[in-house]
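Just below is one structure, and these are the notes that go with it.
The values are calculated or read from the model by the stated rules, or taken from the named source; none is laboratory data. Just so you know, these numbers come straight off a predicted model, no measurement behind them. Ideal geometry is used to build each Cβ from the backbone, glycine not excepted, and the neighbour counts take in all protein chains shown. With ligands, DNA and RNA removed, areas are computed over all heavy atoms of the protein, side chains included. Shrake-Rupley method; radii C 1.70, N 1.55, O 1.52, S 1.80 Å.
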Amino acid sequence: MMNSKDQQKLDTPQKIKWDYAPIADANAVQADYGDLLVLTILGELYGLNLDTGVQTKLCEIVLPEIDHSNDHEHFGISKFRLCSSFDGKCAAVVIDHGQIGLLIETSCGRIITHLNGGNYYEETVPFSACFIHFEGRNLFIHRTDWNRLDVTDPASGEIITNRLIAPYGSQEKRPEHYLDYFHGKIIPSPNNNQLFDDGWVWHPLSVPRTWSIKQWLTTYPWESEDGNSIIDFPLGDNWNLPACWIDDQRIAMWGIPTWDKDEEMEMRQDSGVAIYGLSNSQTTIEKSIPFANKNKCNYLFSNGRNLYVVTDAGTNIWDINSEQQVCELENFNPQIHNKHTDTLIAFNANSICILPLSAIKFNSIE
């Protein structure tokens, strides 16, 4: 068992100075131009090689305007978010807690398609958007209305999930496949066969869920609405909480819930991480890791063995099997985990810091 005196003192993460316009967001890639795709507040896209520090300007786009009139203290401030295919050839710039975005070709800035996620309570959620690599091609999953997700093929710009769902009036019978659910943050599983969706329903209540991307794209076009692969987590009070896949069958989420078994919903949530296993069409909490630190948790990452808990105070690394903390990185607050290099990346407007996890000597577990 470790204590604070045993924690390893780490070298300062490698810092790369940024000499261009302030950074708006960045995303890990594995591209011919480098390991990081960077978006500036001027709409410039740069590729950055983290080994050499070489920064290559790829293109420049006209960013959509952010409407701050719906900013909400609880749900968050509208801001740009960059996501990209793993090979870095295409990217999307969306507005979290907003309505619109762009799907673009990174080599030249060509707009593949304009994105619109609908204007119904969009301020309550991040813009549902992520890339997957499925059956040999890059695909982009995104919200096209508050209760609908679609998949666009960046190679053609065409939506490949066309399916009919009739409109619903409050005085009418609910149409077949109609989904009364606000899609939120979406995260694909490591094998890109499943999707985690951190959405909500009225009253409002949080209802995280997972379902099969593979069945959606190959078998049943309404899988995201009412498919038999959907697994709903128990109801809770809060969404927009940090979460990550550990492997293809386990998800870590911030907050350790106490359940009301009769109501099948959350009574309260304690500080820490709950690790859910997905099996037999239901979720089960396999492990709970209490977290005494009361600082706000901002991100969760995992490489399948370790769990990285990023708070305002720094990053705590836990061994998942033993449920023991093995390292503490004070004042290091990464926003990105490159799973393929197992590297944590932190950035602000004018600099980028990288820390390969292989360089850390973890504390032994007794």
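Matching residues to (1) out of contact with any Ser or Thr (no Cβ under 6 Å at 6 or more places or on another chain); (2) touching a residue at least 60 places away in the same chain (Cβ under 8 Å); (3) open to solvent by 90 Å² or more (accessible area, probe 1.4 Å); (4) assigned to a loop (DSSP other than H, G, I, E, B):
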site: Arg143; (1), (2), (3), (4): no, no, no, no
site: Val151; (1), (2), (3), (4): no, yes, no, no
site: Ser156; (1), (2), (3), (4): yes, no, no, yes
site: Thr161; (1), (2), (3), (4): yes, yes, no, yes
site: Ala166; (1), (2), (3), (4): yes, no, no, yes
site: Ser170; (1), (2), (3), (4): yes, no, yes, yes
site: Lys173; (1), (2), (3), (4): yes, no, yes, yes
site: His177; (1), (2), (3), (4): yes, no, no, yes
Notebook entry, point to check: Across region 189-198, what is the number of residues that are in a loop (DSSP other than H, G, I, E, B) and free of Cβ contacts under 8 Å to residues at least 60 places away in the same chain?
Noted result: 3
Next item on the list: Only one of these is in a loop (DSSP other than H, G, I, E, B) and modelled with pLDDT of 90 or more: Asp11, Asp35, Asp25, Asp19. Name it.
Entry: Asp19
Item checked: Among residues of region 65-95, those that are closer than 18 Å to Arg143 by Cα and of a type outside the set (Phe, Trp, Tyr), counted -> 14
Notebook entry, point to check: How many residues does region 26-44 hold that are touching a strand residue (DSSP E or B) at 6+ places or on another chain (Cβ under 6 Å), surrounded by fewer than 20 Cβ atoms within 10 Å (Cβ to Cβ) and within 15 Å of Asn350 (Cβ to Cβ)?
Noted result: 2
Next item on the list: From the list Trp254, Trp202, Trp216, Trp239, pick out the single residue that is in contact with a Leu (Cβ under 6 Å, 6 or more places away or on another chain) and among the aromatic types (Phe, Trp, Tyr).
Entry: Trp254
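Would you pick out the residues in region 66-85 that are in a strand (DSSP E or B) and either modelled with pLDDT of 95 or more or open to solvent by 80 Å² or more (accessible area, probe 1.4 Å) (or both)?
Applying the first criterion (in a strand (DSSP E or B)) to region 66-85 yields 72, 76, 79-84.
Hits for region 66-85 are Lys79, Phe80, Arg81, Leu82, Cys83, Ser84.
Quick test for you: out of Asn321, Asn331, pick the one residue that is over 19 Å from the mean Cα position of the chain (by Cα), surrounded by fewer than 18 Cβ atoms within 10 Å (Cβ to Cβ) and under 15 Å from Gln14 (Cα atoms). Explain how you work it out, then say what you get.
On the way: Asn321 fails: under 15 Å from Gln14 (Cα atoms).
When all the criteria are applied, what remains is Asn331.
Where residues in region 199-234 are in a strand (DSSP E or B) and in contact with a helix residue (DSSP H, G or I) (Cβ under 8 Å, 6 or more places away or on another chain), which of them is farthest from Val125 (Cα to Cα)? Spell out how you get there, then give the answer.
Looking only at region 199-234, we keep the residues that are in a strand (DSSP E or B), and these are 199-201, 205-212, 231-232.
Pick out the ones that are also in contact with a helix residue (DSSP H, G or I) (Cβ under 8 Å, 6 or more places away or on another chain) and you get 200, 211-212.
Values: Trp200: 9, Trp211: 19, Ser212: 22 Å.
Filtering region 199-234 for residues that are in a strand (DSSP E or B) and in contact with a helix residue (DSSP H, G or I) (Cβ under 8 Å, 6 or more places away or on another chain), the one farthest from Val125 (Cα to Cα) comes out as Ser212.
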Notebook entry, point to check: Across region 205-216, what is the total count of residues that are under 21 Å from the mean Cα position of the chain (by Cα) and surrounded by fewer than 20 Cβ atoms within 10 Å (Cβ to Cβ)?
Noted result: 3
Next item on the list: Kindly indicate which of Asn303, Asn298 is open to solvent by 30 Å² or more (accessible area, probe 1.4 Å), at pLDDT 95 or above and either in contact with a Phe, Trp or Tyr (Cβ under 6 Å, 6 or more places away or on another chain) or farther than 17 Å from Leu241 by Cα (or both).
Entry: Asn303
Next item on the list: Name every residue in region 86-127 that is surrounded by 19 or more Cβ atoms within 10 Å (Cβ to Cβ), in a strand (DSSP E or B) and not β-branched (Val, Ile, Thr), in order of residue number.
Entry: Cys90, Ala91, Ala92, Asp96, Gly101, Leu102, Leu103, Leu115
Next item on the list: Search region 194-204 for residues being under 15 Å from Asn147 (Cα atoms) and more than 14 Å from the chain's Cα centre (by Cα), and hand back the single one that is most open to solvent (accessible area, probe 1.4 Å).
Entry: Trp202
Note to self: Just to be sure I understand the filter: pairs with C-beta atoms under 6 Å, separated by 6 or more residues or on different chains, first member in region 49-65 and open to solvent by 60 Å² or more (accessible area, probe 1.4 Å), second member modelled with pLDDT of 95 or more and not in a loop (DSSP other than H, G, I, E, B). Which pairs pass?
What the structure shows: Lys57/Tyr46; Glu60/Glu44
Notebook entry, point to check: Assuming Leu278 fulfils every condition listed in (1) among the hydrophobic types (A, V, I, L, M, F, W, C); (2) surrounded by fewer than 16 Cβ atoms within 10 Å (Cβ to Cβ); (3) in a strand (DSSP E or B) apart from one, which condition is it?
Noted result: (2)
